[in-house]
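Accompanying notes for the structure given below.
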Amino acid sequence: MNGGDLNLLWAHRFIDGLAAAGVSRVVVSPGSRSTPLALAASRHPGVACDVIVDERSAAFFALGQARATCRPSALVCTSGTAGAHYLPAVIEASQANLPLVAVTADRPPELHERGALQTIEQVRLFGAHVRAFLDLGAPSEDEPALAGVRAAAAVAVARSLDPRPGPVHVNAPFRAPLAPTAEAPAGEPAAPAPRFFQPRRAPTAEAIRALAQACLKARRGVILAGPGRLGQAGARPAALGLARRLGFPLLAEAASQLRFAGGECDVVGLFELLVPPVAGDPCRPDLILQIGAAPTSAAWGRWLESDEAPERWVVTPHGWHDPSNAAAGVVAAEPDLTLQALLAALGEGVPADPGWAAWWRGAEDEVRVALGDAEAREAAAGELSETAAVRAVLRAVPESSLLAVANSLAIREVDLACPPDLARVGVLAQRGASGIDGTISAAAGASSVARSPVTALLGDLAFLHDVGGLAACRHAGGPLVLVVLDNHGGRIFDLLSVADGRVDAESYERLFAAGQNADPAALASAFGVACRSAADARSLEDAVAEAHAAGGTWVVVARVSGTPVRRRRLELRAAVQARLRGVRP
């Protein structure tokens, strides 16, 4: 068989194995050594191909697809340094437990260590950051080998999903010639490719007994939901039922999927401003039932760092989400199955302290008033803070859409100021390694597979960090609106100790805030993306709503002005504490 035809047959069997195992999207970055894989993917009826030139952007694009579907997409690139650009997204996928199959084409063994062009050592290129590594070896027309390469694809998908979801690396060497003859046959296999069925993890009876005992002995517990994949929303009914049975408030972070359900609800979201940063905290719980990953709230951290830290149990399907090394127990199971079983085990009963959860809901109402007053003052002064901006964006997003929130200040502002009834959205957040890279590409990837509009909320540095991702936005499948909080640099540092006077102002601005004086609107225009800007909350809300109504991809620039982040936070906290003075749970 012609060498190019054999390469294509080998690649076709591999892609066919991926498709049979449930991979429906392949993200290809152009290259020569990956020719057989690119052709096989483009010709396979069971997969759709997205072609993205920049491998770094491509990897985050595929990661955005995985975040929206909880299924792996496959990446295909050429040999050499191309695969190295996958590393940041591979790390994020590993930390966030998101499935991904990264396929790197390679030169054959006889070209390694010979000075051949575009040839590097690719075996285990991603080290400990992948769940598995498979080397396909050079193509062979032997039928057992062809069956083996198809099965290898199924193994790669299986390992990306179970027992702990994450990235898998497949290395695929090819010998020249790489291109097939004009009419190369696909060579259909005699038997269907293997399929993989992912299990769901249920809690053990022993775990449920331990959780029930901890809950029943607590008087003032809280159910605290940290970041989770979109599927974590399925735990919401059981979490609310458990909260009512025990009299515990359900505190939900923005990325937990339990917060933004719209309408009236019993979820408490605005808890960051309720927990004072000093000793003698009147709202300190005696038990924390943590759902999902470790919360990012500073309030949560203040509870854990106290000398009177509450007992804490963690319920998570994957990983060990206990950075403080102080959890009483970790239950490795699906949150919805665990909470349903716990609720059944507790049976009928009354809360130990009926006023405890009511206090939290009433206190949140006071936070709403303080935030509304602050927003009204800004509007009267013609200013736009990050807080008012994120509230305006959430008011404008379409119902049941997806909200992709960048790290650093953006997600913290949403956590701080957006109550649960402000929107009904699923939240996509890069909370694995918590970097700001790849935000635009990941949002575009989510949009390519989502059946709903996507709004991305990011700072100006995150926008600049992935400005090349604007090229990937042409693959968006529906309305995609990128809202840039243009606040002249990394204002997350305003909340850290480096901004409390220990560093001179010039060094702080140059080394940490690092404003780039770039114009997001001009950059958007260079990539053919429509752009609008707004300098007040009402205009921003209108701009986001109109962009979604118009369809396509838009960049909306929120021109932030007014009180600096640190001072504004202090003023908000003081206003909330003044409203709660003398009111104790």
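The values are calculated or read from the model by the stated rules, or taken from the named source; none is laboratory data. The structure presented is a predicted model; accordingly, all values stated were derived computationally and were not measured. Glycine gets a Cβ as well: all are built from the backbone with ideal geometry, and neighbour counts include every protein chain shown. To get the accessible areas, we keep the full protein, side chains included, count just its heavy atoms, and leave off ligands, DNA and RNA. Shrake-Rupley method; radii C 1.70, N 1.55, O 1.52, S 1.80 Å.
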> Shape of segment 200-249 from its Cα gyration tensor (a ≥ b ≥ c, root eigenvalues): rounded if a/c is under 1.5, otherwise prolate when a/b > b/c, or oblate?
Replying inline: oblate
> Which whole-number value in Å³ per residue fits the convex hull of the alpha carbons of segment 287-377?
Replying inline: 148
> Taking the Cβ of G435 as the center, what net charge do the other residues with Cβ under 11 Å away carry, scoring Lys and Arg +1 and Asp and Glu -1?
Replying inline: -2
>> If N is the number of residues in the chain, what value comes out of its Cα radius of gyration divided by 2.2 N^0.38 Å?
In response: 1.03
>> Quick one: the Cα spread of segment 203-361 along its three principal axes, in angstroms, biggest first?
In response: 39, 33, 32
>> Starting from the 7 Å offset along Cα-to-Cβ, what nm value, one decimal, do you get for the label separation of A132 and A182?
In response: 4.1
> Which of the peptides 23-32, 515-524 is most tightly packed, and how do the rest follow, judged by the mean count of other Cβ atoms within 10 Å per residue?
Replying inline: 23-32, 515-524
>> Counting only other residues whose beta carbon sits under 12 Å from that of A381, what net charge do I get with K and R as +1, D and E as -1?
In response: -3
> Stretched out fully, how many nm does the piece from L464 to A380 gain, at 0.36 nm a residue minus the Cα gap?
Replying inline: 27.1 nm
>> Shape verdict for segment 341-435, please, from the Cα gyration tensor: rounded (a/c under 1.5), prolate (a/b greater than b/c) or oblate.
In response: oblate
>> Below 14 angstrom from the Cβ of A534, what's the summed charge of the other residues (Lys, Arg +1; Asp, Glu -1)?
In response: -3
> By how many degrees, 0 to 90 and rounded to 10, does the Cα axis of helix 537-550 deviate from the longest principal axis of the chain?
Replying inline: 30
>> Tell me the volume per residue, in Å³, of the convex hull enclosing the alpha carbons of segment 49-192.
In response: 131
> Going 7 Å from the Cα of E399 in the Cα-to-Cβ direction, what parts of segment 440-467 have a backbone nitrogen less than 12 Å from that spot?
Replying inline: none
> How big is the Kirkwood radius of segment 1-130, worked out from every pair of different alpha carbons and given in Å to one decimal?
Replying inline: 14.9
> Which percent of the accessible heavy-atom area of the chain goes to carbon and sulfur, probe 1.4 angstrom?
Replying inline: 53
>> I want to make sure I understand the PRE zone here: with the label point 7 angstrom from the Cα of S24 toward its beta carbon, which residues in segment 68-109 have backbone N atoms less than 17 Å away?
In response: 68-75, 99-101
>> Principal axis extents for segment 370-486, Cα atoms only, whole Å, descending order, please.
In response: 41, 28, 26
>> Using a 7 Å offset from the Cα along the Cα-to-Cβ direction at both Q118 and F197, what is the distance between the two label points in nm, to one decimal?
In response: 4.3
>> If I stretch the segment between S507 and A535 completely, what's the gain in nm (0.36 nm per residue apart, minus their alpha carbon distance), one decimal?
In response: 7.3 nm
>> Averaging over every viewing direction, what projected area does the convex hull of the Cα atoms of segment 479-585 cover, in nm²?
In response: 9.9
> Where a ≥ b ≥ c are the square roots of the eigenvalues of the C-alpha gyration tensor, would you call segment 87-158 rounded, which needs a/c under 1.5, or, failing that, prolate if a/b is larger than b/c, or oblate?
Replying inline: oblate
> If you place +1 on the Cβ of every Lys and Arg, -1 on the Cβ of every Asp and Glu, and leave all else neutral, what size is the dipole of the chain about its Cα centre, to the nearest 20 Debye?
Replying inline: 880
>> I'd like the FRET efficiency for V53 and S140, computed as 1/(1 + (r/R0)^6) with the beta carbon distance as r and R0 of 30 Å, rounded to 0.05.
In response: 0.40
> Kirkwood hydrodynamic radius of segment 109-218 from all distinct Cα pairs, in Å?
Replying inline: 18.2
> So if we plug the beta-carbon distance of T81 and M1 into 1/(1 + (r/R0)^6) with R0 = 30 Å, what FRET efficiency do we get, rounded to 0.05?
Replying inline: 0.45
> Suppose every K and R has +1 on its Cβ and every D and E has -1 on its Cβ; what is the size of the dipole of segment 1-65 about the Cα centre, in Debye to the nearest 20?
Replying inline: 60
> Rolling a 1.4 angstrom probe over the protein heavy atoms, how many square angstrom per residue are accessible across the chain?
Replying inline: 39
>> Give me the extension gain from S42 to R244: residue separation times 0.36 nm, minus the current Cα-Cα distance, reported in nm with one decimal.
In response: 67.5 nm
